[in-house]
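*Asks:* Pasting a structure below so you can have a look.
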Amino acid sequence: MHLNPCRPLGYLMIAALLLLAGCGFQLRGTGVDSVSLRELAIAAPDPNSPTYLQLREALEEDNVRLTDAAEFTLQLIGESHDRVALSYTGRASAAEVEIRHNLSFQITDTRGQPLVGPESLSVRRVYINDRDNIVGTAEEEELLRREMRRDMVRQLLFRLSSLSERELAARSQALQQQAP
């Protein structure tokens, strides 16, 4: 009888996948639970910012009804972008550049009292600044910025997925009881 050399390899692969699944391993990007809030208002200093627009789209895809009459408001307080040279070439130009994206937010009730936050999220990326390929470097930076915005929205959705309307209502009620 002749053994197929691929069969033991197949069994080994199945065992490895079962082991990974058993320890809670998930591919990146698949671990975000859906947002359980049924409706939410969103406010931002710039309602035309790419982050705000991406967040709205992601919440709508997650079946969150976006309305100004919602009991809770997600406020995007501030967003900043930095660009810092990490190292320099012999010609005193930036060789490595780090770009940073920061977002501050809070969730408030109808009276404007913060129930969550203010909290800050941040994303950083590093790229090589190629002086001989200025167009390619600029395109790479723009691609990284779009990726960072997606990561920022994903982080915010992950944070929102840990909240329930019941929990937010309890926080709001506790704040009302503390008020004089």
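The values are calculated or read from the model by the stated rules, or taken from the named source; none is laboratory data. No experiment lies behind these values; they were computed from the predicted model shown. Note that each Cβ is placed from the backbone with ideal geometry, even for glycine, and that neighbours are counted across all protein chains shown. Note: areas computed on protein heavy atoms with side chains; ligands, DNA, RNA excluded. Shrake-Rupley method; radii C 1.70, N 1.55, O 1.52, S 1.80 Å.
*Asks:* Can you give the local net charge around LEU103? Use residues other than it whose beta-carbon is closer than 14 angstrom to its beta-carbon, Lys and Arg +1, Asp and Glu -1. Don't jump to the answer; show the numbers that get you there.
*Replies:* Working: positive: ARG100, ARG124, ARG145, ARG149, ARG150, ARG154, ARG159; negative: ASP46, GLU79, ASP82, GLU119, ASP151.
Local charge sum for LEU103: +2.
*Asks:* For VAL126, what is the net charge nearby, where nearby means another residue's Cβ is under 12 Å from its Cβ and Lys, Arg count +1, Asp, Glu -1?
*Replies:* Details: positive: ARG83, ARG100, ARG124, ARG125; negative: GLU96, GLU98, GLU140, GLU141.
Spelling it out: positives minus negatives among the neighbours equals 0.
*Asks:* With every protein chain kept in the model, how would you rank ILE42, ILE77 by accessible area, 1.4 Å probe, largest at the top?
*Replies:* On the way: ILE42 20, ILE77 80 Å².
Largest accessible area first, the list is ILE77, ILE42.
*Asks:* At 0.36 nm per residue, and after removing the present C-alpha to C-alpha distance, how many nm does the segment from ALA85 to GLU98 gain when stretched out fully?
*Replies:* On the way: separation 13, 0.36 × 13 = 4.68 nm, distance 0.63 nm.
The ALA85-GLU98 span can extend by a further 4.1 nm.
*Asks:* Measure off 7 Å from each Cα along the Cα-to-Cβ vector at GLN177 and ILE77, then give the distance between these two points in nanometres to one decimal.
*Replies:* 2.6 nm
*Asks:* Taking θ as phi - 60°, what are the ³J(HN,Hα) couplings along region 99-116 by the Karplus curve (6.51, -1.76, 1.60), each to the nearest whole Hz, with x for Gly and Pro?
*Replies:* Each residue's phi maps through the Karplus curve to give 10, 10, 10, 10, 9, 10, 8, 8, 10, 10, 8, 5, 8, x, 7, x, 9, 9 Hz.
*Asks:* Apply the Karplus parameterisation 6.51 cos²θ - 1.76 cosθ + 1.60, with θ equal to phi minus 60°, to every residue of region 62-76 and state each ³J(HN,Hα) to the nearest whole Hz, in sequence, with x for glycine and proline.
*Replies:* Computed from phi, the couplings for region 62-76 are 8, 6, 8, 6, 9, 8, 5, 8, 5, 6, 10, 10, 8, 9, 7 Hz.
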